[in-house]
Amino acid sequence: QFKFKRQVPMGDYVVDFCCQEKRLVIEMDGGQHMELENSKKDKSKQEFLQDNGYRVLRFQNIDVDKNIEGVLEEIRKVIN
């Protein structure tokens, strides 16, 4: 079983969830992430995380609300 921490500071960013042991970050994106400015910030954040050895999984909030089992299965695939 792996531990995830919520709202973890990393550099100039804060990630939604992080499993240090697996070097995995999970980001939850609401509709505001579709806006151009926020999309650019997300890209910079993801590049920073990847450059520091983290894999990043992104999920839309609606996916979590409507398909939590699918989201969990994607996470399981990565950590196993």
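Nothing in this text is a laboratory measurement; each read-out follows from the coordinates by a stated rule. Nothing here was measured: the structure is a model prediction, and the numbers come from that model. Note: ideal-geometry Cβ built from the backbone for every residue, glycine included; neighbour counts use all protein chains shown.
Assorted remarks:
- Residue in region 57-72 that is touching a helix residue (DSSP H, G or I) at 6+ places or on another chain (Cβ under 9 Å), exposed (fewer than 15 other Cβ atoms within 10 Å of the Cβ) and assigned to a strand (DSSP E or B) present: yes
- Top-ranked residue in region 40-56 [being within 13 Å of ASP29 (Cα to Cα) and loosely packed, with under 14 Cβ neighbours inside 10 Å; ranked as farthest from the chain's Cα centre (by Cα)]: LYS41
- Summed over region 1-28, the residues that are loosely packed, with under 13 Cβ neighbours inside 10 Å and part of a strand (DSSP E or B) give a count of 5.
- Pair list, Cβ < 8 Å and 6+ apart or interchain, from region 56-68 residues that are closer than 24 Å to MET10 by Cα to residues that are small (Gly, Ala, Ser) and not in a strand (DSSP E or B): GLN60/GLY30; ASN61/GLY30; ASN61/GLY31
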